[in-house]
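Colleague: Sending over a structure as structure tokens; questions will come in a sec.
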Amino acid sequence: MAALTDPMLPRPFRIEKVTHETADTFTFELSQQQADGDGRFDFACGQFNMLYTFGTGEIPVSISGDPAKPQRLVHTIRAVGSVTRAMKKLKKGDTLGVRGPFGSAWPVQQAEGNDVIIIAGGIGLAPLRPAICSILQNREKYGHVALLYGARTPQDILFEKELREWRGRFDMQVMITVDHAVGTWKGNIGVVPDLIKRVKIDPDNTIAMVCGPEIMMRFCVIELHNRGMEHDTIFVSMERNMKCGIGLCGHCQYGPEFICKDGPVFPFSKIRTLFDIYEL
Amino acid sequence: MENLKSVIGEHPFMQGLDEHTLDTLVGCASNVRYNAGDYLARMGQPAEHFFIIRHGHVSLEINAGPRGIIGVHTVEAGDVLGWSWLIEPYKWHFDARAVELTRVIALNGECLRKKCEQDHDLGYALMKRVAQLMEQRLTATRMQLLDMYGTHV
């Protein structure tokens, strides 16, 4: 990993490739412009970077790339605000500022020897993608692996090509659902928590990783808990207004935790009491 | 008949029902198969049946006029379809279309209602199960209404 000499100083990265995933979501593949070593960008699955668009601003974005391919830093971004809309206009060859990686990681090693259930909603599939890649590269170390993914409509499904590949594997259960569909969609329609009942869960030997809108995670956690899973085996990725990325500024404070430093990935047992406080 | 009884008894929706109740249900039940594209129910039509899905995949749809046919929910093996047989005026509120070859146990609504009136224990057992189903669907529908993945999130 490149040493972080100053975690507040963005490093320039060149956009090598832009992939338009959906109408409002795109993926950047980045390379370091001033590589001080071999150009690798090592990270842990679930970590994020602060991405800086010059003249517009800086935002936190989870890393969505394969950790086994550290030469390219990959981010999947949804254009919803001024910074992300500005990013959507960037092209191959343009430059972004990058600070990071920051934050905690999915329990990929901890899950070894266990079944794994991965639950993603919307853009929440992006932060989980590194964990999925890592688990599939070491598939023999895990038991049953299930991916449950929900999107708004069939047109909003991310990483379609990869999802097809994952679905085609015999060693992974993949279920996709959409909130509603018009036209030729032949898949599931309904919400992600409803898919959980279709997965065999051995509660004492399963790790769950959940990422998506908070309301979705709330219902998923309830369903997983109803199926016998303890809160310390359910991991969620939280999102708040992160600024510094290193637990100094306090923008992302979540009770006693800083999402940027102590999170974004938490065992649910650690934040369970905070989850029910409306003001947080 | 015995086979039908075991299929009904093993379905998650019916779990916990006693032998007598299952025997009663079998009297209203028949095995039906729908090919892809066939309709199990049409909006506004009498809700004559209640379906236990054994195999396949059914899409619940609304005809939204100019917006086209909108799929709002799917049910598959292990699920049940329909509570309109239990609630006046006993008419379907959605279309239900088989997405693929689908095998069901169809329970006749009128037959079930008569038996529920005669045997309130059966009526209560079914009502409890339907109420639980309604609660699950209502929760799911509320989540869909929230438009969780919309740009406001």
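Computed from the coordinates by the stated procedures, all read-outs in this text should not be read as laboratory data. Keep in mind it's a predicted model, so treat the numbers as computed, not measured. No Cβ is skipped: glycine too gets one built from the backbone with ideal geometry, and neighbour counts run over all protein chains shown.
Colleague: Among the residues of region A:47-62 satisfying the criterion of being touching a helix residue (DSSP H, G or I) at 6+ places or on another chain (Cβ under 6 Å) and under 17 Å from residue A:246 (Cβ atoms), which is surrounded by the fewest Cβ atoms within 10 Å (Cβ to Cβ)?
Modeller: A:59
Colleague: Identify all residues within region B:75-88 that are within 13 Å of chain A (Cβ to nearest Cβ), assigned to a loop (DSSP other than H, G, I, E, B) and over 17 Å from residue B:135 (Cβ atoms); write none if there are none.
Modeller: B:77, B:78
Colleague: Another question, then. Hey, could you check region A:184-231 for residues that are within 12 Å of another protein chain (Cβ to nearest Cβ) and of a type in the set (Gly, Ala, Ser) and say which is farthest from the chain's Cα centre (by Cα)?
Modeller: In this case the residue turns out to be A:187.
Colleague: From A:65, A:93, grab the single residue that is under 20 Å from residue A:239 (Cβ atoms), in contact (Cβ under 8 Å) with a residue 60 or more places away in the chain and not in a strand (DSSP E or B).
Modeller: A:65
Colleague: Check whether at least one residue in region B:56-74 is surrounded by 20 or more Cβ atoms within 10 Å (Cβ to Cβ), away from every other protein chain (no Cβ under 14 Å), out of contact with any Pro (no Cβ under 7 Å at 6 or more places or on another chain) and part of a strand (DSSP E or B), and report yes or no.
Modeller: Taking every residue of region B:56-74 in turn, none turns out to be surrounded by 20 or more Cβ atoms within 10 Å (Cβ to Cβ), away from every other protein chain (no Cβ under 14 Å), out of contact with any Pro (no Cβ under 7 Å at 6 or more places or on another chain) and part of a strand (DSSP E or B).
Colleague: May I ask you to say which residue of A:261, A:243 is in contact with a Cys (Cβ under 7 Å, 6 or more places away or on another chain), away from chain B (no Cβ under 14 Å) and over 17 Å from residue A:149 (Cβ atoms)? Working first, answer last.
Modeller: Working: A:261 fails: in contact with a Cys (Cβ under 7 Å, 6 or more places away or on another chain).
Going through A:261, A:243 in turn, just one is in contact with a Cys (Cβ under 7 Å, 6 or more places away or on another chain), away from chain B (no Cβ under 14 Å) and over 17 Å from residue A:149 (Cβ atoms): A:243.
Colleague: On to the next question. Which one of A:218, A:164, A:169, A:152 is over 23 Å from residue A:21 (Cβ atoms) and charged (D, E, K, R)?
Modeller: A:218
Colleague: Could you check, for region A:115-129, whether at least one of its residues is within 21 Å of residue A:158 (Cα to Cα) and basic (Lys, Arg)?
Modeller: Taking every residue of region A:115-129 in turn, at least one turns out to be within 21 Å of residue A:158 (Cα to Cα) and basic (Lys, Arg).
Colleague: Here is a further query. Considering only residues that are facing another protein chain (nearest Cβ under 7 Å) and either assigned to a helix (DSSP H, G or I) or surrounded by 16 or more Cβ atoms within 10 Å (Cβ to Cβ) (or both), which ones fall in region B:136-151?
Modeller: Hits for region B:136-151 are B:140, B:143, B:144, B:146, B:148, B:149.
Colleague: Output the residues belonging to region A:238-261 that are under 18 Å from residue A:10 (Cα atoms), among the aliphatic types (A, V, I, L, M) and buried (at least 18 other Cβ atoms within 10 Å of the Cβ).
Modeller: Of everything in region A:238-261, those that are under 18 Å from residue A:10 (Cα atoms), among the aliphatic types (A, V, I, L, M) and buried (at least 18 other Cβ atoms within 10 Å of the Cβ) turn out to be A:242, A:246.
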